[in-house]
1. Starting from segment 67-91, take each residue that is β-branched (Val, Ile, Thr) and list its partners that are part of a loop (DSSP other than H, G, I, E, B) and open to solvent by less than 30 Å² (accessible area, probe 1.4 Å), counting only C-beta distances under 8 angstrom and pairs at least six apart or across chains.
2. Please specify each residue of segment 27-41 satisfying the condition of being open to solvent by 50 Å² or more (accessible area, probe 1.4 Å) and part of a strand (DSSP E or B).
3. Tell me the residue from Ala65, Ala79 that is within 15 Å of Lys119 (Cα to Cα), within 17 Å of the chain's Cα centre (by Cα) and open to solvent by less than 60 Å² (accessible area, probe 1.4 Å), please.
4. For the structure I just gave you, tell me whether Glu3 is among the acidic types (Asp, Glu), loosely packed, with under 14 Cβ neighbours inside 10 Å and within 16 Å of Gly116 (Cα to Cα).
5. Which of the residues spanning segment 14-25 are in contact (Cβ under 8 Å) with a residue 60 or more places away in the chain and open to solvent by 50 Å² or more (accessible area, probe 1.4 Å)?
6. Since Val115 meets every condition but one in (1) assigned to a helix (DSSP H, G or I); (2) touching a residue at least 60 places away in the same chain (Cβ under 8 Å); (3) in contact with a Leu (Cβ under 8 Å, 6 or more places away or on another chain), which condition does it not meet?
7. For Lys62, are the conditions met, namely being in a helix (DSSP H, G or I) and touching a helix residue (DSSP H, G or I) at 6+ places or on another chain (Cβ under 7 Å)?
8. Confirm whether Val55 is exposed (fewer than 14 other Cβ atoms within 10 Å of the Cβ), modelled with pLDDT of 95 or more and of a type in the set (Val, Ile, Thr).
Amino acid sequence: MAERPSLDVWLREAKEDAGAKDCGMFLFHNGVVRQTAKAAVREGAADTPAVRGMVFSHDAEKVEAARARALTMPGIRYARVWLASGELKVGDDIMLVLVGGDIRPHVIDALQALVGEIKTHCVTETEVY
């Protein structure tokens with residue numbers, strides 16, 4: 001698995017980026033492997049066993065295309081993504097996403113859109129019970 005980057009370093013680098021002068025907000029997403037199965041959380045399937053881990057992979061080209069699309073959203077000046085790969089255990093980081101932009105509503109919308117696109121179209125995740 002690729003080493004998890006430092007959020008502090010990412011934020012420092014983002015603030016040094018050419019687009020930072022137009023950013024009034026940076027927002028992070030840190031996805032983590034949870035013990036509760038997706039079916040239990042999203043569908044209310046109470047009989048689902050506890051998750052012990054996850055096998056996670058991603059398509060780097062699709063992730064980069066999603067990141068590039070986020071940069072075309074209104075007010076967005078910065079976007080960065082890191083994804084884990086391989087066998088993960090409960091508590092391990094799955095993904096880090098940083099978005100920067102002009103105002104809060106634009107940044108929140110872009111972060112939600114980018115994470116949603118990554119989760120829907122760019123990754124494969126298999127829970128291990």
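1. Sorted first by the residue in segment 67-91, then by its partner, the pairs are Val90/Val33; Val90/Val51.
2. The answer is Phe28, His29, Asn30, Val32.
3. Ala65
4. Against the criterion (among the acidic types (Asp, Glu), loosely packed, with under 14 Cβ neighbours inside 10 Å and within 16 Å of Gly116 (Cα to Cα)), Glu3 does not qualify.
5. Across segment 14-25, the qualifying residues are Asp17, Asp22, Gly24.
6. All conditions pass for Val115, except number (3).
7. For Lys62, the condition - in a helix (DSSP H, G or I) and touching a helix residue (DSSP H, G or I) at 6+ places or on another chain (Cβ under 7 Å) - is met.
8. yes
The values are calculated or read from the model by the stated rules, or taken from the named source; none is laboratory data. Computed from a predicted model, the values in this text were never measured in an experiment. Every residue, glycine as well, gets a Cβ built from its backbone with ideal geometry; the counts of neighbours run over all protein chains shown. Accessible surface is based on the protein model in full, side chains and every heavy atom, while ligands, DNA and RNA are left aside. Shrake-Rupley method; radii C 1.70, N 1.55, O 1.52, S 1.80 Å.
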